[in-house]
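One structure below.
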Amino acid sequence: MSALRLSYYPSIAQTLTADQLDASIRAFATVLSGKLGAPVEVQPPLLVPDQIQSIREGRTDIALMNPLGYALAHRATPSVQAVTVALREPTEGPPGAAPVPTYRAQIYTNANSGITSLAQLRHRTFAFGSAHSTSSFLVPARHLQNARLPATCSFKTLAFLGGHQDVAKAVYAGSVDAGAGHDGVISDLAKTPGYSDAAHRLVRLAWTDTIKSDPIAVNLPAATRDAVQKALIEAGADAAGVTQLGIFWQEVKGLARVGADDYDFVVDDMRELGLKYDEEVLG
């Protein structure tokens, strides 16, 4: 088997430096290469729209993707198929519970804001992360719309600040009243120097429904696709592989098989919100 090219997007981990992130993904690629019996070459990081195009056009063979990016790529190019899903600790439940292929997003505020319910967000300031993020935009936006708070007209100001940690820091500082992010965003901020009291300063207002966790997708012939899927599962069960998954994918515990169409919920959310990512991202 010839060398396979692996891509990732830079915000896959937001508590690492670019060098730390790259080193961890390269270490995982080394484990994967050993299981596969073929070289796995790590490409420079690609922003989500660029990563979508790269795997669709065959310039990437294996991609660590977010759900929104994968859903767009698969819908436009069916040969792009998810083969594994990241396993995470359950959002709620007893410590030590078996990891699951889902996570949640949350909407949260500053304890000093006086806001105690979603309804009180109306005419306040709000921040999302990236417009290409599943958990810092798409799913929370759908949740707000279901709560009769459409993002386009409910807030005094609405900002896209870039990433989960950017939003959390803004809510912590009080420069925006509330924001959205993945289920671990508050605990992640609390580990950052200068934000040790984040778990007390930031207050969750709502969980969203569960979200299918991040996929690893491929654009390969069937036989090679199956071999890569098997190797990924093995790498995700290897002690060295699990260590790196927990670093670059923020406490991911392993990998499981997933269906290529298991991310259709993203398309449903886009449709309900009237978003036209196909035109924006795919051209």
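So the values come out like this:
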| read-out | value |
| --- | --- |
| Fluctuation leader among L245, L273, L32 - the chain, Gaussian network, Cα springs under 10 angstrom | L273 |
| Protection-proxy order for peptides 12-22, 70-80, 185-195, each taking the mean of Cβ atoms within 10 Å per residue, highest first | 70-80, 185-195, 12-22 |
| Listed residue pairs exceeding 28 Å between alpha carbons, taken from K35/K276; K191/K230; K35/K212; K35/K169; K191/K253 | K35/K276; K191/K230; K35/K169 |
| Normalised contact order of the chain, rounded percent, pairs of Cα under 8 Å and 6 or more residues apart | 28 |
| Beta bridges per DSSP with both ends in the chain, % antiparallel, nearest 5 | 65 |
| Fewest-first sequence of H182, H143, H123 by Cβ atoms within 10 Å of each Cβ | H123, H143, H182 |
| For segment 1-15 versus segment 17-90, the gap between their alpha-carbon centres in whole angstrom | 5 |
| Order by protection proxy (mean Cβ within 10 Å, highest first), peptides 96-102, 170-176 | 170-176, 96-102 |
| Sum of -39500 (n - 2.57) over DSSP H runs of 4+, divided by residues of the chain (222 nm, nearest 500) | -10500 deg cm²/dmol |
| Euclidean distance of C-alpha centroids, segment 92-123 and segment 165-239, integer Å | 13 |
| Kirkwood hydrodynamic radius of segment 1-81, Cα pairs, Å | 13.0 |
| Bins of 5 Å, starting at 0 and running to the largest distance - Cα pair percent for the chain | 1, 6, 13, 17, 19, 16, 13, 8, 5, 2, 1, 0 |
| Charge context of K156, other residues only, Cβ under 15 angstrom, K/R +1, D/E -1 | +1 |
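Bear in mind that the values in this text are calculations on the coordinates, not laboratory data. As the structure is a prediction and not an experimental result, all values here were calculated from the model. With ideal geometry, Cβ positions are generated from the backbone for all residues, glycine too; neighbour counts draw on all protein chains shown.
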